[in-house]
Structure formats: structure tokens, C-alpha cells
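The values are calculated or read from the model by the stated rules, or taken from the named source; none is laboratory data. Computed from a prediction, not measured in an experiment: that's the story for all the values here. Positions of Cβ are generated from backbone atoms using ideal geometry, with glycine treated the same way; all protein chains shown enter the neighbour counts. What goes into the accessible areas is simple: the full protein's heavy atoms, side chains included, and nothing from ligands, DNA or RNA. Shrake-Rupley method; radii C 1.70, N 1.55, O 1.52, S 1.80 Å.
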Amino acid sequence: MKSSVKLPIGIEDFQEIRTEGFYYVDKTRMISELLNNWGKVNLFTRPGRFGKSLNMNMLKYFFSCGCDAALFDGLAISAEKELCEKYMGKFPVIFLTLKGAETLTYNDAQAALSSIIGCEAMRFQLLLESERLSTKEKEQYAQLIKIDTSGQQMFDMPKDVLTGSLKTLSALLHKHYDQKAILLIDEYDVPLDKAQQHGYYNEMMDLIRSLFGHALKTNEHLFFAVLTGCLRVAKESIFTGLNNFKVMSITNCRFDEHFGFTDTEVKDMLEYYGLGSRHALIKEWYDGYQFGRVSVYCPWDVINYVNQLRLDPNARPRAFWINSSGNAILRTLLEKATPRTRQELGCLISGTPVTKKINEELTYRELYDSLDNIWSVLFTTGYLTKQKETDLNTYELVIPNQEIRMIFTEQILNWFQEEARKDPPALNAFCEAFRQGDPAEIEHQFCSYLKKTISIQDTAVRKSRKENFYHGILLGLLSHREDWLLFSSAASGQGYSDILIELPEEDLGIVIELKYSESPNLEAACKEALAQIEEKDYAAHLVNDGMASILKYGIACRRNTCMVRMSNCENNISF
């Protein structure tokens with residue numbers, strides 16, 4: 001049965017996917033495009049979770065000596081007979097992923113790189129017995145696979161051996177196989193990212209520059225190289241001096257379909273699993289990333305959600321995508337935000353684009369130097385995508401989909417709540433105004449809070465989305481009172497009330513209904529909210545829980561202002 005075919009969640013090994021019965025979205029056309037549009041060194045920059053590692057692993061299996069051609073049966077590349085005959089299984093391939101180079105100190109980072117390269121070198125122990133290598137060359141190889149005195153698989157390479165290790169290994173492989181080597185380096189910039197975070201950036205930069213310089217710039221034993229990462233970091237001079245060096249970033253039209261899932265690929269997957277009716281929902285949540293001229297979905301999200309739907313047809317979409325930075329870049333933007341930045345964030349949340357000049361060649365030490373740089377990082381790491389180019393390197397940027405909008409909203413609300421809690425007396429006074437039945441004071445203080453956070457703009461985005469944003473702000477403020485029982489979107493009466501509050505010791509209940517007003521007439525929106533409380537009997541939950549007194553508030557919000565009106569339980573008179 002088709003539905004029994006497994007989805008490859010977290011599996012980046014091409015051979016395992018092809019031999020163990022996993023669903024595979026065919027990206028093998030990337031092979032012919034690489035060969036037909038030649039570049040000696042090719043760098044692909046893409047956000048995390050877009051299939052970089054699996055594509056690199058696929059390249060490894062295709063080009064490696066002794067390739068099992070059956071792995072590619074039925075895939076697009078198998079139709080190109082002449083190309084397969086010439087290139088499949090013909091090369092020694094050095095494959096590294098630098099994801100594991102995440103350390104706290106430079107010494108540990110150097111040791112980690114030694115271990116990563118040493119482990120890869122261990123795959124070629126046939127070099128020790130090679131009749132084509134001299135004794136001296138075998139000694140060079142032995143230096144690459146030397147285990148330290150602890151006996152564990154920690155490779156002991158002095159710095160000079162490490163920096164020349166990739167060139168040394170490619171030279172030995174070239175001589176043994178009589179064929180130049182292919183070098184694949186996945187997540188090449190992770191060591192630089194971690195070094196910047198932990199304070200040893202300059203040392204790591206020197207090491208990476210030397211390692212890559214030997215391997216890529218002056219290496220006559222190299223057939224070609226492919227690297228992947230999030231940022232280009234060309235300013236760092238890692239890649240300067242290279243001839244025929246090609247960078248394929250998210251703005252480049254070449255290879256635009258090879259990372260991420262296209263709409264056709266997602267539709268095919270959904271039809272395969274009998275989930276075609278979910279296409280519109282999945283598109284809303286996980287599509288919208290613009291690579292070159294193609295709109296793509298995040299593969300990680302699609303695979304995870306389709307897998308959930310197979311187990312539970314009623315499963316709701318959620319945010320599966322988490323950038324490797326742990327959303328720290330968003331928090332930094334919020335902390336540095338000017339009033340204009342807050343306005344721009346409000347536009348983005350509302351679905352309105354903001355125009356920014358993007359620098360795709362930042363260094364890691366420059367990332368947080370300015371707000372302009374932070375916008376560029378948000379773009380290159382997938383938090384924002386281009387809607388259109390308005391000038392050279394200047395784009396209209398938007399949040400790509402509902403998932404990333406949720407991440408933005410949650411980060412904004414968390415940041416705002418933390419800022420508000422720095423002033424406990426003000427928060428207590430705000431909460432107390434609800435308890436005392438003082439709508440004027442609530443309005444005054446809530447307006448003050450709204451002026452300090454993001455202002456949602458009036459756009460065509462759904463009204464419910466705007467209301468949810470203000471709902472989150474208010475709920476975060478009221479949650480300061482840990483002695484109160486808060487219920488959000490709780491079933492009560494004939495519907496779901498926005499916020500219900502119980503003060504058990506006082507037998508006091510509070511009902512809050514919040515509306516977003518599309519017009520400046522906030523009074524009308526307040527009246528609508530109060531009428532809805534009565535019509536839907538939202539107080540029923542509180543009455544059933546024994547609350548003797550009930551206060552009802554209708555709150556209308558628009559941009560960074562609000563109006564609060566109140567009615568009592570008996571006669572619904574507004575105040």
C-alpha cells in the first residue's frame with residue numbers, strides 16, 4: 001500500500017532513503033545542472049531545513065567510486081544515459097559536514113575539525129596498502145588518521161597538518177585512483193557562527209581561511225567542490241582568488257528548484273498519501289519562500305505535517321521549523337528596535353511588505369552591528385522572503401507563511417511580556433483595574449502598553465489574525481496575577497469567550513471580549529463585543545463555577561490605541 005511508505009523525518013542519508021522504503025522527492029536534476037553549468041567551486045546558501053544535507057549526500061553517492069547505480073533507478077538523472085556513463089561512480093569523494101563543530105573554545109573547535117576530517121579520511125584506509133603511493137605519502141595519510149593518546153576516536157592533527165589535510169587527502173586519492181577528487185562541505189559556516197557566539201572568531205577565521213585556501217584555491221587535485229551554508233561570508237576572504245567560483249544564493253535563479261519542495265512536488269506527495277484536500281492549508285502554512293523565481297515550501301515542515309496527518313487526519317498545522325540560531329536574531333531585532341522598526345514589524349505581521357536593501361555578504365562579526373544587517377540576516381535565514389525586487393539588492397520583504405508569522409508573533413509577545421514584567425507595580429495596577437471595575441483606568445494603561453509594542457496595521461489580512469495578536473498581548477499582561485485563574489478561548493455558553501478570569505476567594509468572575517476595529521469608531525466595536533458576551537452567554541462558565549459577581553468588558557483595539565467599555569451582569573448598562 002502506498003500509505004505504508006515511510007516519510008524520511010530527520011534522515012539525511014540518500015542510500016538509506018532509497019533502500020529502506022522512504023518517500024523521496026527527486027532532486028537528482030541538480031547533478032546534471034552542476035555538470036552542464038560548470039563551476040570549479042560552487043556555494044549554495046539556503047536557510048536551515050531546506051534539504052541541503054540530503055542533496056549533498058545524494059551527490060556523494062552519485063559520484064563516489066563504486067556507486068550503486070540502482071540507487072538512482074527511476075530518478076530523473078537515470079534518463080541521462082551519457083552523463084551517467086561518464087560521471088556516475090567515477091570519482092573519489094571527500095564528504096564533510098561541519099554541523100558538529102559547535103564548541104565553546106577555539107581549542108575544542110580545532111579538535112572537532114580534526115575529528116571530522118579524520119573520520120572522513122578513515123573511509124580511505126585502502127591508501128595504506130596502495131601500490132601507487134610512496135612510503136612518504138602513506139606516512140602523510142597516517143597523520144590524518146592518527147588517534148590521540150586517550151585511545152578514543154579523537155584525531156590528533158597539529159594545526160599545520162589540519163590546515164593542509166583536505167589538500168593532502170585529495171592529492172593521495174588523486175594518485176591512487178588516477179582521478180581528481182570531488183570535495184563536498186556541508187554547513188561550512190557553522191564553525192564561524194559558533195566562534196562568533198563564544199568569542200574566538202578571529203582564531204577560527206584564520207583556521208578556516210587556511211583550510212579552505214589550501215583545499216580550494218591552490219589544489220590541482222580537485223575536480224570540483226560544492227559547499228552549503230546559510231551565509232556567503234565572502235568578505236572574509238575565504239574564497240577570494242578563486243577562478244570560476246559560483247555563488248547560488250536564494251536570490252539566484254539557478255538551482256532555484258533544487259532546495260525546498262515546489263508546489264507540484266507537494267501536490268504529488270499529498271495525492272500519494274490521499275491527502276490532496278489539505279493542499280490549501282499546507283500552502284498557507286509552509287509555502288511562500290522565494291528562491292530565484294520559484295516559490296518553495298520548507299521540506300521539513302511538509303514532511304512532518306504530512307506524517308502527522310497520516311496518524312491523525314484532524315491534526316492541526318504547527319510550527320516545526322526552528323532556525324539554528326534558536327530565534328535569537330528576532331530577539332535581537334526587538335531589543336534594538338526603534339519606533340520605526342516596531343512600525344515595520346507591525347506591517348509584516350499584518351501582511352504588508354517592507355522595503356529593505358539586503359547585503360548577502362555579511363561577516364559573522366557584523367551580523368548585529370546595525371538594524372540594516374539584522375534585516376539582511378532575517379532574509380538570508382528564511383524569516384523573511386522577497387516579494388519583488390525594487391532596485392539593485394533592494395527588495396519588498398514579507399513574512400513567507402503562517403508558520404513564520406506565528407514565530408514572529410510569539411517572539412514579539414514573549415519579548416513584550418518580559419519588558420512589561422520589569423515594572424511589577426504598573427502591572428499590578430493594570431490588573432487591579434479589572435478587579436475594581438474601572439474601564440477608564442484599564443483603557444489608559446492598556447493604551448500606554450500598546451504604544452510600547454508592535455502596532456498592527458490596517459491591511460486586508462484577516463481581522464481574526466489581528467484580534468489574536470491583541471488577545472495575546474492582553475493575556476500576557478493579565479497572566480502576571482498568578483493567584484487568578486485565567487481561561488483563554490474557553491468554551492462557555494454558546495461559544496468561546498476570549499478571556500475568562502476567576503478570583504475564587506472573592507467569588508468574582510471577569511469576562512473579556514476583544515475586537516479589532518477596522519475603522520476609528522472604537523465605540524461601535526466595544527458595543528459589538530458587549531453584545532456578543534450577552535448573546536453567547538459567555539458568563540455561563542463563571543456562573544457554573546460559583547462566581548457570585550461578574551464583570552464584563554468589551555475592548556476594541558486599533559493600531560496602538562484602544563477603548564474599554566463595561567456592562568454589569570444585571571442590566572447590561574455600559575460605562
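Leaving out ligands, DNA and RNA, and with a 1.4 Å probe, what % of the accessible surface on segment 446-547 is carbon or sulfur?
Details: 2070 of 4360 Å².
Of all accessible area on segment 446-547, carbon and sulfur atoms account for 48 percent.
What pairs in K267/K536; K40/K336; K90/K138; K86/K283; K283/K536; K194/K451 have C-alpha atoms more than 30 Å from each other? Those over the limit are K267/K536; K40/K336; K86/K283; K283/K536; K194/K451. Counted over segment 188-245 with a bin width of 10 Å, the fraction of Cα pairs per bin, in whole percents, is 21, 55, 21, 3. In the calculated pair-distance distribution of the chain, the portion above 43 angstrom amounts to 34 percent of the Cα-Cα pairs.
Using a cut-off of 12 Å between beta-carbons, work out the net charge of the residues near Y395 (Lys and Arg +1, Asp and Glu -1, Y395 not included). Walk me through the numbers on the way to the answer.
Numbers: positive: K356, K357, K386, K388; negative: E360, E389, D391, E396.
Cβ neighbours under 12 Å give a net charge of 0.
The accessible surface of segment 272-396, taken with every protein chain in place and a 1.4 Å probe, is 47 percent carbon and sulfur.
Run the numbers on segment 455-558 and let me know its relative contact order in percent, using alpha-carbon pairs under 8 Å that are six or more apart.
Details: 174 pairs, mean separation 29.4, N = 104.
Answer for segment 455-558 is 28 percent.
With a 1.4 Å probe rolled over the protein heavy atoms of all chains, the accessible area of M269, M406 falls in the order M406, M269, largest first.
Count the net charge of all other residues whose Cβ sits under 11 Å from the Cβ of V247, scoring Lys and Arg as +1 and Asp and Glu as -1. Working shown, then result.
Values: positive: R232, K246, R254; negative: E360, E361.
In short, +1.
Entry note, the chain: relative contact order of 11 percent, from Cα contacts under 8 Å with a spacing of 6+ residues. Think of a 1.4 Å ball rolled over the protein heavy atoms: the chain then has 42 Å² of accessible area per residue.
For segment 172-307, what relative contact order do you get, as a whole percent, if you take Cα pairs closer than 8 Å and at least 6 residues apart?
20
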